[in-house]
Each structure stands twice: as structure tokens, then as C-alpha cells.
Amino acid sequence: MRQHETDGGARKAVFAPVDNRARVDTVVRRIGDAIELGLLADGEQLPGESELAGRLGVSTVTLREALMALRQQGLVTTRRGRGGGSFVSLPEVPADDRLRARLRGWSTEELRDLGDHWAALSGAAARLAAQRTEPADLQPLRRTAEELGDAGDAAARGRLYGRFHVELAAAAQSARLTREQVALQSEVGALLCLVLADDAYREEVAERHRAVVSAVQDGARETAGTLAERCVRESAARLVAVRLTL
Amino acid sequence: MGVSTGLAAFATEPETRVAAQVCGALEAVFEAVAATRADTAALLHRAAAEGRRPVSRDLAALRPGLHLRLRHEELVSGAGFVAAPGLLADVPAWLEWWQTGAEGDVRPLLLDLDPHRSAYSDYTHWDWFALPRDTGRRAVAGPYVDYLCSDEYSLTLSEPVRIGGRFAGVAAADVYLRHFEAAVLPLLRGLSRPARLVNARGRVAASADPAHLAGSLTKGPDFGGLLTAARPGTYDGLRLVPCRGVPLVLVLA
């Protein structure tokens, strides 16, 4: 069920202001990722140009260029006149191919940096959680690790992977780390679908997540941090490996 | 301030008085929650009297009351009713939830509750929902990072709404921890020993003790048992004073 048209939950991050290096690419990537993740649905109308530009914190010129790029990628169609506007449209290309096209927009250096940032966030969160967690706090993490083990389609796996790391930051009792992690997941979430489509790797991640939960439960600060870092570094490395084949 | 003013007047020990004042501050929030519960129960009964299941649109009738409470109840930054899945005829799940924005404006929380699109669509696992549902009583959830609604470190006070003996959802209010701290820190600092407030699981909710900050755990004492017994106790040199009526314990080092 969709409660309202445009805002909320993980979707909040989609329309949060982009940083001041904000360029067309950033907007294209953010909206494109949101579409791949299913945060924006096929056929959904995007907010009007001036509203969207305002919420993303970019000029209307930048936004128009971004929409043009999205149109070229076939992710957005624009209809004119009454009832017109920009609409999400999923092209008839397999999702995997679209994601590969998106990954091509990342350099290996950017992916490496993304992995570093993610490892810093999740490692710090795991260490703090090991000190600050009591058993009831671990229920959401356990549930997410189990659901990831059962999740069928790649998009659901990407969302659950992200949710685990958001919940880990929340278990650290840090609102800042949690906000950072939510923002990072809006960037990396769609790309992760590419490596999580492999059942064996999906199971490996679920297993790594279970190991993080156990270490946090034991109050094993360093082990929890190291395991969380290893988990996300491995995913980033796999993304780099896929990128190098493109 | 709530039911505890009487207790405070008779209290002699400073820590007993502070515990009663903390309780009083949260009782004012619980009064706001009770008002939302009463409004919700009334509108759900009206729908039942008309021989129909309630729909999401019916809950719009809660808005004037929610806005009033958000504007006038100093500690309250979010308020609303969260429906039990299956309660409403037109949607599987619903939050009628309003929050105070950064500029003091009141605005709705817009959540994506479609499980095919959001990993956060199921809210029934959160303490603020599960505790009142499972115990039938009011509850204080947190402190916890509320990444679902506010992105803030928060306490959520909630109580069950029941219709014809059936659980229909929870009425609730959010208190951001920074606001709670502002309200109780002057009380804690007035005590002669370093003082902190911890929840039933030992999580520090507010502290004037730099060695034990909010969010950390105080391990050892059975705070749940102490709250059930509702009597002060000691543990390894700590003095423990339960706040009556709210699940917080005043801990003096």
C-alpha cells in the first residue's frame, strides 16, 4: 500500500538535498537508484520541476539536465499538457542490464571510496552496538538476517541488506550514524542487487550478518566491528569486480 | 503536573521528590496520549454504530486534536494513532501521524507502507506498538533511534486502543530525548550525587553523570523487578529510586 504520493521512509532520503557538489550526475544517480530499488514505482508521477529542484537543493536548470539524462536512459517519460509531467517508466530491458548501465556511471575509485565510507559507518556502529546493546535490541537485526536468507528477488535482497546496516546503526544508539547509513543506502542499495542476485553470495551475506549479531550480543567490540567491515568491504569489492567487466 | 504533584508534596527525600517530578513531566505526555486514545475510540465506535468498518479517511477527524496537542504540549514532537493491520477496510495498514517541523509547523508523516517497495513497511515489531498490544497497558519505548518517523533519538509513549475488547492499534506521542533531557536535567543536577534515569532494561534516558551518558547501558541491577516492586533499593553502592507510574528508575552513583 502506498500511503501518500511522494515522501517517507527510505524514500525520504531520495528527495533530501544533495550536497553542494551537486551536479546532474548526482541527481540522475539518486533518482535512477530509487527507481531501480522500487522506491519510485513504474508509472508514478514525479513532483513538479520547481518542487523537485527545491527538495533536491539544485537549480531547475540542473534538474532539467538530469531529467533529460533519465529520459535518455528510459527511466523517465515526460508528457505535456493537461495531466502532463514526468513519470517513472521502467524500460523493457532486463533489470540486470539496467543496473549494469548504472554501475558504469561509477568509477572503480568512487566504488572503493563508497566501500571505505560504508565500512567506516558500519564498523563504528557495530563496535558501539556491542557496548550498548541488550538482547531485545537484537531482535530486528536477527529478523532482517533471516529475511535476507529467504528473500527471492534481488531488489528485496538489496533493501534487506540496507535495512540490516540501518538497524545496526540504530542499535549503536546513534541518530547521526543512522542518518548517514540511510543516506548511504540510498546510493548503494540499487547496485547491491547486482551482487546479491547470486544465491550463494546472498547466503554468505546472511551468514556474515548473523556473525555480526552474535559478536554484538557477546559484547565482543572489536570482533563485531571487524566482521561488519569485512562484510561491506567484500560487497564493495564484488561491485568493483563487476564494474571491471563492463 | 499530572497525578504526582500530591506525591511530591509529601515526599521528604530529594531523590523521591525528583522521581515524582520526572513522573509528572511524562504524565503530562500520557494525558495527551489518553486524549488521542479517547478520540480514536469514539470515532471507531461511531463507524461501528453505522454498521461499517472504519476507513483511513475517518481518521482525519483526529487531526484537530493532534494539532492542538502538538502545539500546546511542550514535550510532544509527534502524535497520532497507529492502526493494527486489518483494522481499516480500505488499506492494510495506516499511521495517522503528525509531527512538529523544524520551523514549528505541524505536518503529516508520509510513510511508504507497501512491502514490495519499502523494507520498513511493517511497524508491528517496534516496542511502541508491540508493548501496549502484548501487555494491554501503556508503555514507554526507548530511548531508541527512530529512523522510521523522525530520525531522532526518542522516547515514545503509547497506549492500546481497544474496541469491543479487540486491539485496534495504539495512540502514541514522541518525545525527543534532547527535549526530555532539557526538562529533567535541572532536576537531576539539583541532587547531591551524580544522577541518571534508566529504563526497565537499564538504558540511560537522561543523565547528569558524565560517566554514564544517555544511550549507554547500566548493567547489573534488575530494573524491571525494581519497577514492579515500586520500592527504592540499592545495588553495589548505587541508590535506585523507581519513578511511580512510568518505567524509569532514578540511579544515584
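Please treat every number below as a calculation from the coordinates, not as lab data. From a predicted model like this one, the values you see are computed outputs, not experimental measurements. Cβ sites come from the backbone with ideal geometry, for glycine too, and all protein chains shown count toward neighbours.
Among the residues of segment B:87-112 satisfying the criterion of being of a type in the set (Gly, Ala, Ser) and more than 12 Å from chain A (Cβ to nearest Cβ), which is surrounded by the most Cβ atoms within 10 Å (Cβ to Cβ)?
So, considering only residues that are of a type in the set (Gly, Ala, Ser) and more than 12 Å from chain A (Cβ to nearest Cβ), the one surrounded by the most Cβ atoms within 10 Å (Cβ to Cβ) is B:Ala89.
With respect to B:Arg231, determine if the residue is more than 24 Å from A:Gln217 (Cα to Cα) and in contact with a His (Cβ under 6 Å, 6 or more places away or on another chain).
On the way: more than 24 Å from A:Gln217 (Cα to Cα): yes; in contact with a His (Cβ under 6 Å, 6 or more places away or on another chain): no.
No: the conditions fail for B:Arg231.
Within segment A:141-151, is there a residue that is facing chain B (nearest Cβ under 8 Å) and small (Gly, Ala, Ser)?
No - not one qualifying residue is present in segment A:141-151.
Please specify each residue of segment A:157-216 satisfying the condition of being more than 9 Å from every other protein chain (Cβ to nearest Cβ) and either touching a strand residue (DSSP E or B) at 6+ places or on another chain (Cβ under 9 Å) or not in a helix (DSSP H, G or I) (or both).
A:Ala197, A:Asp198
Among the numbered conditions (1) crowded, with 20+ Cβ neighbours inside 10 Å; (2) in a loop (DSSP other than H, G, I, E, B), tell me where B:Val241 comes up short.
Evaluating B:Val241 over (1) crowded, with 20+ Cβ neighbours inside 10 Å; (2) in a loop (DSSP other than H, G, I, E, B) leaves (2) as the failure.
Name the single residue, out of those in segment A:124-148 being surrounded by 19 or more Cβ atoms within 10 Å (Cβ to Cβ) and among the charged types (D, E, K, R), that is farthest from the chain's Cα centre (by Cα).
A:Arg132
Among what's in segment B:113-160 and is aliphatic (A, V, I, L, M) and touching a residue at least 12 places away in the same chain (Cβ under 8 Å), pick the residue that is farthest from the other protein chains (Cβ to nearest Cβ).
Filtering segment B:113-160 down to residues aliphatic (A, V, I, L, M) leaves B:113, B:119, B:130-131, B:139-141, B:145, B:148, B:155, B:157.
Checking the rest, the ones that are also touching a residue at least 12 places away in the same chain (Cβ under 8 Å) come to B:113, B:131, B:139-141, B:148, B:155, B:157.
Values: B:Leu113: 5, B:Leu131: 10, B:Ala139: 13, B:Val140: 14, B:Ala141: 11, B:Leu148: 7, B:Leu155: 13, B:Leu157: 18 Å.
Only one residue tops the list, namely B:Leu157.
Give the number of residues within segment A:48-62 that are assigned to a helix (DSSP H, G or I) and either of a type in the set (S, T, N, Q) or under 11 Å from A:Thr26 (Cβ atoms) (or both).
Taking segment A:48-62 as the starting set, the residues that turn out to be assigned to a helix (DSSP H, G or I) are A:49-56, A:60-62.
Next cut, either of a type in the set (S, T, N, Q) or under 11 Å from A:Thr26 (Cβ atoms) (or both) only: A:50, A:56, A:60, A:62.
So the count comes out to 4.
Being buried (at least 19 other Cβ atoms within 10 Å of the Cβ), closer than 15 Å to B:Arg37 by Cα and of a type in the set (Gly, Ala, Ser) is the filter here; which residues of segment B:49-83 pass it?
Listed by number, the residues that qualify are B:Gly78, B:Ala79, B:Gly80, B:Ala83.
Find the residue count for segment B:187-244, including only residues that are small (Gly, Ala, Ser), in contact with a helix residue (DSSP H, G or I) (Cβ under 8 Å, 6 or more places away or on another chain) and more than 14 Å from chain A (Cβ to nearest Cβ).
5
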